[in-house]
Amino acid sequence: MVSIDSVLVPDERASMPGRGAWVHETQECVDAAIRRRAFVRALRVSGPLDTQTIEEHIQRKG
């Protein structure tokens with residue numbers, strides 16, 4: 001996962017620029033990471049992240 005303009009997006013090829021964060025691609029793990037603000041800390045962003053894109057990605061996969 002990477003943050004682009006405060007939007008959390010999947011980086012399946014691990015090739016996007018910037019700092020990345022790893023998480024299991026399960027609904028439970030992603031929900032826990034969002035609830036604990038783990039993405040904000042791991043990606044070192046200030047302010048909230050838009051997680052709608054990643055939530056939709058996980059729902060489609062699973």
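The table that follows gives values for the structure above.
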item	result
Relative contact order [Cα under 8 Å, 6+ residues apart], the chain, whole percent	41 percent
Solvent-accessible area per residue for the chain (1.4 angstrom probe, square angstrom)	72 Å²
Selection of trypsin sites (Lys or Arg not before Pro), the chain, meeting DSSP coil and at most 15 other Cβ within 10 Å	R13, R19, R36, R37, R44
Cα pair distances of the chain binned at 5 Å [whole percent]	4, 19, 35, 27, 13, 2
Loop-located GluC sites (Glu not before Pro) in the chain whose Cβ has at most 16 other Cβ within 10 Å (DSSP)	E12, E25
Rough spin-label spacing in nm, given labels placed 7 Å along Cα→Cβ, for A32 and Q59	2.2 nm
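The values are calculated or read from the model by the stated rules, or taken from the named source; none is laboratory data. Remember, it's a predicted structure, so these values are computed and weren't measured experimentally. All Cβ positions, glycine included, derive from the backbone under ideal geometry; neighbour counts span all protein chains shown. When the accessible area is computed, the model is the full protein with side chains, heavy atoms only, and any ligands, DNA or RNA have been set aside. Shrake-Rupley method; radii C 1.70, N 1.55, O 1.52, S 1.80 Å.
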